[in-house]
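Here the structure comes first, spelled out in structure tokens, and everything after it is commentary.
The values are calculated or read from the model by the stated rules, or taken from the named source; none is laboratory data. Remember, it's a predicted structure, so these values are computed and weren't measured experimentally. Heads up, the Cβs are rebuilt from the backbone with ideal geometry, glycines too, and the neighbour counts pull from every protein chain shown.
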Amino acid sequence: MSADPIRVLFVCTHNSARSQIAEALLRRDGGADFEVSSAGTEVTRVNPLARQVIEETGIDWSGARSKSITEFLDQHFDHVITVCDRAQATCPVFPGSGNRLHWSLDDPSEVEGTDAEMLAAFRRTEEDISARLRPFIEDALRAAGRPRRALAPSGPGADA
């Protein structure tokens, strides 16, 4: 029987963009080794541009919803990762949780401009999160005493 999955919670203010993208990508790239959730300090909706960028990577994110951190307060997580500065300041302590990390990511939903410029901001966020996830996955697997594994290239054009 395999070991329990490594539990990860991504936290952002609204759980509408950065934390949703991070959850989707780690679910895909981490596979069965990880159990991944995301939540916000305030609940809104999944940003349509975040959903679009996630789906461009080949992930069906049509059923995603914005979730409140209160849904997760009584749960244990091996890693709690805040992905915005406001969430880092307001995120509650998760008793029994192991490693708390902070990734200061720009909020793509604050970019103003044309539709193309706004979508480009979300794509940059996806690329930034992808780059951070690769070493995180290796470190988390190593810390859990699991073998390292090769990660397939991800994102648009990864099959080229």
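Can you name the number of the only condition in (1) within 12 Å of Ser68 (Cβ to Cβ); (2) among the charged types (D, E, K, R); (3) modelled with pLDDT of 95 or more that Glu42 fails?
Result: Glu42 passes all but (3).
Only one residue in Ala64, Ala50, Ala39, Ala24 is free of Cβ contacts under 8 Å to residues at least 60 places away in the same chain and in a helix (DSSP H, G or I). Which one?
Ala24
Tally up the residues in region 90-106 that are part of a loop (DSSP other than H, G, I, E, B) and at pLDDT below 85, please.
8
When you go through (1) of a type in the set (A, V, I, L, M); (2) within 15 Å of Leu133 (Cβ to Cβ); (3) at pLDDT below 95 one by one for Ile69, which number turns out not to apply?
Status for Ile69: all satisfied but (2).
Determine whether region 117-131 contains at least one residue that is basic (Lys, Arg), at pLDDT 95 or above and assigned to a helix (DSSP H, G or I).
yes
In region 27-36, which residues are in contact (Cβ under 8 Å) with a residue 12 or more places away in the chain, small (Gly, Ala, Ser) and either surrounded by fewer than 17 Cβ atoms within 10 Å (Cβ to Cβ) or in contact with a strand residue (DSSP E or B) (Cβ under 6 Å, 6 or more places away or on another chain) (or both)?
Ala32
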